[in-house]
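Enquirer: My structure is below; once you've seen it, I'll send some questions.
Just so it is clear, none of the values below were taken in a lab; they were calculated from the coordinates. A quick note: this is a predicted structure, and the numbers were derived from the prediction, not measured. In this analysis, Cβ positions are derived from the backbone assuming ideal geometry, glycine residues included, and neighbour counts consider all displayed protein chains.
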Amino acid sequence: MTGAPYRYFAILGMMRTGSNLLQRSLDQFPSITCHGELFNPAFINGPTNQTDFGMTTAERDADPMALIEAMVANGKPDTLSGFRLFDGHDPQATSAVLQDPSAAKIVLRRNPLDSFVSLKIAKETDQWMLMKQRARRSTRIHFDIAEYRDYLAQSESFYARVNHSLKVSGQTAFAIDYSDVSDLAVLNGLATWLGVDERLDSVEASILRQNPGPLEEKVANYAEMLDLLRNEGGVHRTGEGARSDRAGGLRFMHMTQRAPLLYAAIPGGPNEQVHRWLYGIDGGDPQQDKFATMMETSPPFGSPQNRRALTDWLQTHPGNVCFTCVRHPVARAYDVFMTKFFGSKDEDIFPRIRTHAQERYGMNLPAAGSTDRAALELSGYDVERHRESFGAFLDFLRANLAGRTPMRVDALWAPQYEFIEGFSSAITLSLILREEDLIAGAAYLKKRFSLGDVRNGVLRKSEQDHLFPLDEIWTPQIEAQCRAAYGRDYLQFGFSDWRKA
């Protein structure tokens with residue numbers, strides 16, 4: 001391999017695209033060593049490994065390139081080493097690999113519907129690789145269109161980010177499809193591209209396909225799935241990718257029945273209050289106790305299923321108003337901190353990200369589910385300690401949003417301007433309201449569409465009710481930390497320092 005064009009390689013793809021099989025096919029070349037998921041947040045290289053190449057997961061997370069360098073250094077002379085890198089792995093590693101011209105990029109794709117069904121089966125059977133026929137576990141999954149849309153958006157976003165990064169850096173990747181991972185000619189061509197001299201005469205079948213057979217044998221509601229997919233581009237849609245995982249944001253849009261109103265909800269905003277107000281426009285009781293449950297199980301609003309449906313709605317509702325609401329970054333960050341990290345219920349929190357923020361950023365929280373403030377203060381967890389914990393969380397957010405942590409950027413704390421840009425790729429927003437302007441905005445809409453006795457008071461309940469109110473812990477330092485994380489949101493939406501409404 002003298003003069004090889006690359007120092008190492010990475011297989012970039014989604015889960016269940018055939019990466020296990022491709023790894024084992026490449027390992028059949030004497031000069032290639034393909035490792036597993038080196039940057040899975042839960043392990044290194046394999047589910048039982050917390051250390052590899054002399055590094056722990058914490059050391060890897062702190063310096064991803066050090067693990068790659070250790071892998072390269074550990075390789076045998078005249079061999080090329082690589083690994084599998086998925087969406088959901090450490091974004092620091094993904095960014096570093098994409099920007100490194102000495103890294104060969106192998107982009108692996110599969111029909112997203114097949115990947116989705118395979119992933120559902122693997123999760124339900126807890127079987128991720130099949131070595132022997134008699135060990136096969138089978139099941140039929142129930143297809144959920146909303147779940148599939150989310151998966152498809154995530155998949156398209158990942159490949160779009162990869163393609164965009166390669167284009168702007170002037171690099172090329174070797175594109176390979178699931179159907180080619182056992183193709184002898186394609187594998188030999190890939191070896192040539194990697195700078196490997198050997199050629200295979202045959203490909204040994206080292207693992208078995210887990211879910212052979214047509215989709216109708218794997219999906220319990222197959223006929224329903226076909227009907228649902230008819231407006232999604234058909235069963236075999238592969239998609240061209242989107243600029244961002246916020247692009248379009250159709251699943252966040254809701255339309256009222258009695259007025260040509262479309263609300264584009266930004267996660268982490270005052271959405272329950274706005275949805276209650278919209279429900280009142282349609283004649284419902286905005287004060288009902290089980291409103292949140294209703295929104296989760298059977299939302300009373302229409303939602304565009306695809307771009308064509310959105311265009312149809314816009315054309316049949318002249319004079320429509322499409323609006324959204326942005327929340328002050330401090331209030332939004334504090335709300336997700338209290339609901340998903342401090343947590344009143346264990347099932348509501350993000351345990352892995354919570355642990356990471358505690359271990360790496362000093363976010364010193366009591367046990368999740370603490371609801372007795374007096375008991376907390378007696379144990380030493382007072383306002384000052386809570387303020388310090390929130391400050392540590394803001395430090396985590398800044399690093400996370402900058403791609404310097406191995407944790408995902410959740411929609412609840414992703415910058416709000418990204419959602420606005422995403423919505424704007426599908427619709428023209430007529431109104432962007434700050435949360436403190438909701439009442440004034442509602443009054444304008446009420447007058448414009450002659451909404452009569454619709455009550456705007458439900459919008460006044462936007463102030464978050466937490467065990468430790470935000471006004472007790474806010475300081476100029478908190479504000480400065482939040483500005484450091486969300487500078488563009490402050491600038492683009494004209495936010496001043498937070499103050500209690």
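Enquirer: Convert each backbone phi in segment 5-19 into a coupling constant with the Karplus relation 6.51 cos²θ - 1.76 cosθ + 1.60 (shift: θ = phi - 60°), then list the ³J(HN,Hα) values in order as whole Hz, x for Gly and Pro.
Expert: Once rounded to whole Hz, the list reads x, 10, 8, 7, 9, 9, 8, 9, x, 8, 5, 6, 9, x, 5.
Enquirer: Taking 0.36 nm per intervening residue step and subtracting the Cα-Cα distance, what contour gain separates Tyr222 from Gln315 on full extension?
Expert: Result for the pair: 30.2 nm of gain on full extension.
Enquirer: Over the chain, how many pairs of lysines fall under 23 Å by alpha carbon, counting only those 8 or more apart in sequence or from different chains?
Expert: Number of lysine pairs found: 16.
Enquirer: Rounded, prolate or oblate: which fits segment 262-401, taking a ≥ b ≥ c as square roots of the Cα gyration tensor eigenvalues, rounded meaning a/c under 1.5, else prolate when a/b beats b/c?
Expert: Because a/c hits 1.5 or more and a/b exceeds b/c, segment 262-401 counts as prolate.
Enquirer: Another question, if that's okay. Using only alpha carbon positions, build the gyration tensor of segment 380-433, then give the equivalent ellipsoid semi-axes as the square roots of 5 times its eigenvalues, largest first, whole angstrom. Numbers along the way, then the final one.
Expert: Details: eigenvalues 195, 49, 10 Å².
Over the Cα atoms of segment 380-433, the ellipsoid semi-axes are 31, 16, 7 Å.
Enquirer: In whole angstrom, how long is each semi-axis of the equivalent ellipsoid of segment 8-222, when you take the square root of 5 times every eigenvalue of its Cα gyration tensor and sort them from largest down?
Expert: 28, 21, 18
Enquirer: Could you tell me which trypsin sites (Lys or Arg not before Pro) in segment 264-373 are loop residues by DSSP with no more than 16 other beta carbons within 10 angstrom of their beta carbon?
Expert: Within segment 264-373, the qualifying trypsin sites (Lys or Arg not before Pro) (loop, at most 16 other Cβ atoms within 10 Å) are Lys290, Lys345.
Enquirer: If I model a spin label as a point 7 Å beyond the Cα along the Cα-Cβ vector, how far apart are those points for Ala205 and Thr475 in nm?
Expert: 6.6 nm
Enquirer: Here is a follow-up. If you consider only alpha-carbon coordinates, what radius of gyration and Dmax does the chain have, in Å?
Expert: Every Cα atom of the chain included, Rg and Dmax give 25.3, 80 Å.
Enquirer: Taking the Cα-to-Cβ direction at Ile439 and at Thr79 and moving 7 Å from each Cα, how far apart do the two end points lie in nm?
Expert: Taking the simple label geometry, Ile439 and Thr79 are separated by 7.0 nm.
Enquirer: Show the residues, 5+ positions off or on another chain, whose built amide H is closer than 5 Å to the amide H of Val326.
Expert: Counting only residues 5 or more places away or on other chains, the set is Leu433, Arg434, Glu435.
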